[in-house]
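In what follows, a single structure is set out as structure tokens and then discussed.
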Amino acid sequence: MEDEEDTAQGPAVVYVGHIPHGFYEDQMREYFSQYGKVERVKLSRSKKTGRSKGYGFIEFESNSVASIAAQSMNGYLMFGQVLDVHVVEPEKVHPELFKGTSRVFRTVPWRVIDRKRRNKVRSDADLQRIQKKLTMKERKRREKLTSLGIDYHFPGYEAEAKKGEKETYK
């Protein structure tokens, strides 16, 4: 009779804060399964580095199991960190909280993407556009210097453009 009441209440979500480094989704699922059936686990991660942000959420099959787990684990010392664990009220649980938990987190290789973007072979039209932009900036800089009364001459991009030398990046 008591089991029917627990499942009637539905699943409950537990917040786990101050999670130590090295205690990830698989370890959380394995450790918290001693209290009851764990439905889903969500560990917040940095999009840039993929490292844990130090907090996560665990969904248990029943509300009573979640409250027992929260009571017993709140204030628990794990790897030098005191865990902060409490049951989240059902109204405060966002519907998309566990979105993407079924797939493995992969970091975006920003350095590789940026390296490819910067080192790509540029067309003649791109090189002309870049040259035009640089000469416009230089011309404005020269005008600003003369308006301030500074008489300063430097070769710059215009001199290179007049020579007709185009450098291609490979």
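The table that follows gives values for the structure above.
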| quantity | calculated |
| --- | --- |
| Region 29-97 - Rg (one decimal) and Dmax (whole number), Cα, Å | 12.7, 37 |
| ³J(HN,Hα) computed for each position of region 91-96 - Karplus, 6.51 cos²θ - 1.76 cosθ + 1.60, integer Hz, glycine/proline x | 5, 8, 7, 6, x, 9 |
| Trypsin sites (Lys or Arg not before Pro) lying in DSSP loop within region 1-107, provided at most 14 other Cβ fall within 10 Å | LYS37, LYS47, LYS48, ARG51, LYS99, ARG103, ARG106 |
| Cβ-Cβ FRET estimate between LYS140 and VAL112, R0 fixed at 41 Å, reported to 0.05 | 0.70 |
| Residue pairs, from the table LYS116/LYS162; LYS137/LYS162; LYS48/LYS92; LYS132/LYS162; LYS47/LYS99; LYS48/LYS120, whose Cα atoms sit over 20 Å apart | LYS116/LYS162; LYS48/LYS92; LYS48/LYS120 |
| Structure-based [θ]222 nm, the chain - -39500 (n - 2.57) summed over DSSP H runs of at least 4, per residue, nearest 500 | -12000 deg cm²/dmol |
| Cα centroid separation, region 1-80 to region 104-132 (Å) | 42 Å |
| Helix 124-147 vs. the chain, principal-axis angle (Cα, 0 to 90°, nearest 10) | 70 degrees |
| Under-5 Å amide H pairs with LEU43, H placed in peptide plane, nonlocal only | PHE57 |
| Two-decimal ratio, region 57-170, of alpha-carbon radius of gyration to 2.2 N^0.38 Å | 2.28 |
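Values in this text are rule-based calculations from the coordinates and carry no lab data. On a predicted model such as this, the values are computed, not experimentally measured, just so you know. As a convention, Cβ positions derive from the backbone with ideal geometry for all residues, glycine included, and neighbour counts pool all protein chains shown.
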